[in-house]
Amino acid sequence: MNQQIFPTTLQRTKWLSGLSLALMIILSIAIGLYAIAFQARVTGDPGFQLRFSEYSVTSSMHVIGGAVVIILGGFQFSTWLRQHYTQVHRWTGRIYLIFVLIGGVGGLMIAPQSAGGPTAHFGFGLLALLWLFSGWQAYACIRRRDIQAHRAWMMRNYAMTFGAVTLRIYLGLLAGAGVDFPEAYPLVAWLSWVPNLIIVEWYLALKAQGLNASG
């Protein structure tokens with residue numbers, strides 16, 4: 001009986017994992033394309049367009065860097081891609097980390113000018129610092145061939161990258177709950193990425209416990 005249940009459970013887990021990855025990639029590409037359209041002044045709130053135009057170089061670094069990173073990043077978690085197209089995975093990873101550097105520096109520079117006051121400034125500034133730090137750690141780990149640590153740091157890094165998606169989700173939910181933008185934005189400056197990191201750390205802790213138990 002257990003032998004019949006286990007393969008079914010494993011298949012469901014793989015199916016759910018694949019569906020989650022596909023959904024993450026779709027949402028990430030959508031936000032990445034939106035960022036590119038924003039940079040091209042095709043879409044976006046006029047107030048944000050005006051604010052970003054005041055810091056054209058650093059805001060462009062942040063927007064374009066973030067767009068490239070969020071579009072490419074989801075594919076890096078595909079086991080199939082890593083196994084069948086290893087060189088593509090490696091070169092995509094290099095491009096990803098280069099644009100994390102570009103986007104992170106830009107984000108750090110414009111954080112003090114973000115809407116939402118000091119709470120948002122600190123939230124986005126800390127996000128930029130941790131984004132850069134985790135990208136560096138991911139690079140350092142793969143340079144010394146520590147693949148397991150590299151993957152863990154990449155998960156942390158992309159959890160923060162995915163904050164571009166969750167920020168908009170939370171803004172929509174708060175708007176639907178009747179919370180005005182000036183009150184909502186300082187909150188999502190933290191809510192957009194801190195829970196993402198907590199989930200990743202929880203997953204990594206469970207994974208480590210499983211490895212220790214099997215060992």
Of the candidates ARG145, ARG151, ARG168, the one satisfying the condition of being surrounded by fewer than 20 Cβ atoms within 10 Å (Cβ to Cβ), part of a loop (DSSP other than H, G, I, E, B) and either modelled with pLDDT under 95 or not hydrophobic (A, V, I, L, M, F, W, C) (or both) is ARG145
Segment 36-98: helices (runs of 4 or more DSSP H) wholly inside it with 1 or more residues that are aliphatic (A, V, I, L, M) and surrounded by 15 or more Cβ atoms within 10 Å (Cβ to Cβ) are 56-73
Contact list, first residue from segment 37-66 and under 12 Å from GLN113 (Cβ atoms), second anywhere and assigned to a helix (DSSP H, G or I) and among the aromatic types (Phe, Trp, Tyr), beta-carbon distance below 6 Å, six or more apart or interchain, is SER59/PHE52
Checked segment 99-128 for anything surrounded by 14 or more Cβ atoms within 10 Å (Cβ to Cβ), in a helix (DSSP H, G or I) and either at positive phi or in contact with a Ser or Thr (Cβ under 7 Å, 6 or more places away or on another chain) (or both); matches are GLY106, MET109, ILE110, ALA120, HIS121, PHE124
Given (1) among the aliphatic types (A, V, I, L, M); (2) outside any helix (DSSP H, G or I); (3) within 19 Å of the chain's Cα centre (by Cα), VAL179 misses just (3)
Exercise. Do we find that LEU21 is modelled with pLDDT under 80 and either among the polar types (S, T, N, Q) or assigned to a helix (DSSP H, G or I) (or both) in this structure?
Worked result: no
Matching residues in segment 152-167 (free of Cβ contacts under 8 Å to residues at least 40 places away in the same chain and under 24 Å from GLU183 (Cα atoms)) number 4
Subset of segment 71-101, residues touching a Phe, Trp or Tyr at 6+ places or on another chain (Cβ under 7 Å) and over 23 Å from TRP15 (Cβ atoms), comes to LEU72, THR92, LEU97, VAL100
By residue number, the members of segment 182-202 that are part of a helix (DSSP H, G or I) and hydrophobic (A, V, I, L, M, F, W, C) are ALA184, LEU187, VAL188, ALA189, TRP190, LEU191, VAL194, LEU197, ILE198, ILE199, VAL200, TRP202
Checked ALA111, ALA128 against criteria (in contact with a His (Cβ under 8 Å, 6 or more places away or on another chain), closer than 28 Å to ARG51 by Cα and of a type outside the set (Val, Ile, Thr)); the one match is ALA111
Evaluate the following for SER53: is it modelled with pLDDT under 95 and over 22 Å from the mean Cα position of the chain (by Cα)?
yes
Residues in segment 124-135: is at least one in contact with a Pro (Cβ under 8 Å, 6 or more places away or on another chain) and at pLDDT 95 or above?
yes
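The values are calculated or read from the model by the stated rules, or taken from the named source; none is laboratory data. Treat the numbers as computed from the prediction; the structure is a model and nothing was measured. Here the Cβ is made from the backbone with ideal geometry for all residues, glycine too, and neighbour counts use every protein chain on show.
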